[in-house]
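The values are calculated or read from the model by the stated rules, or taken from the named source; none is laboratory data. From a predicted model like this one, the values you see are computed outputs, not experimental measurements. Glycine gets a Cβ as well: all are built from the backbone with ideal geometry, and neighbour counts include every protein chain shown. Accessible surface areas use protein heavy atoms only, side chains included; no ligands, DNA or RNA. Shrake-Rupley method; radii C 1.70, N 1.55, O 1.52, S 1.80 Å.
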Amino acid sequence: MDTRQAVVNRINSLCEDNGITPNALSYKAGVPQSTIKSILNNETKNVGIVTIKKICDGLEMKLPEFFDAKDFWELEQEIR
């Protein structure tokens, strides 16, 4: 798994945990629906930290909580 897929998995998991759709997340976070769609469809090469922060704000969570998930802990180092 790569970092992008870990972000996709985390967003999907957070939507499920909060009982909301990606469209509802878009509204709560103040992020365009097209941006959320592009992230979830793996069309975005690099999800910006500002976007992730907005998602966190919309879900009323701290940024470190977003990254405190199994998928992130298990990522392989990409640069050696």
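Name the residues in the stretch 13-26 that are part of a helix (DSSP H, G or I) and surrounded by fewer than 14 Cβ atoms within 10 Å (Cβ to Cβ), would you?
Step one: of the stretch 13-26, the residues part of a helix (DSSP H, G or I) are 13-18, 22-26.
Selection gives Ser13, Glu16, Asp17, Asn23.
Taking Glu78 and the conditions (1) open to solvent by 70 Å² or more (accessible area, probe 1.4 Å); (2) touching a helix residue (DSSP H, G or I) at 6+ places or on another chain (Cβ under 8 Å); (3) at pLDDT 95 or above, which numbered condition does it fall short on, given that it satisfies the others? Of everything listed in (1) open to solvent by 70 Å² or more (accessible area, probe 1.4 Å); (2) touching a helix residue (DSSP H, G or I) at 6+ places or on another chain (Cβ under 8 Å); (3) at pLDDT 95 or above, Glu78 misses just condition (3). Among the residues of the stretch 50-74 satisfying the criterion of being more than 15 Å from Gln5 (Cα to Cα) and β-branched (Val, Ile, Thr), which is least open to solvent (accessible area, probe 1.4 Å)? Taking the candidates together, the pick is Ile55.
Look through Leu25, Leu63 and report the one residue that is in contact (Cβ under 8 Å) with a residue 24 or more places away in the chain and among the hydrophobic types (A, V, I, L, M, F, W, C). Write out each step before concluding.
Working: Leu63 fails: in contact (Cβ under 8 Å) with a residue 24 or more places away in the chain.
On inspection, the qualifying residue turns out to be Leu25.
Per the listing Asn42, Asn9, the residue uniquely surrounded by fewer than 17 Cβ atoms within 10 Å (Cβ to Cβ) and in contact (Cβ under 8 Å) with a residue 60 or more places away in the chain is Asn9. Which of the residues that make up the stretch 27-49 are farther than 11 Å from Val7 by Cβ and either in contact with a His (Cβ under 7 Å, 6 or more places away or on another chain) or of a type in the set (Ser, Thr, Tyr) (or both)? If the condition is that a residue be farther than 11 Å from Val7 by Cβ and either in contact with a His (Cβ under 7 Å, 6 or more places away or on another chain) or of a type in the set (Ser, Thr, Tyr) (or both), then Tyr27, Ser34, Thr35, Ser38 are the ones that fit. Checking the stated criteria, Gly30 turns out not to satisfy the condition of being under 13 Å from the mean Cα position of the chain (by Cα) and either at pLDDT 95 or above or open to solvent by less than 90 Å² (accessible area, probe 1.4 Å) (or both).
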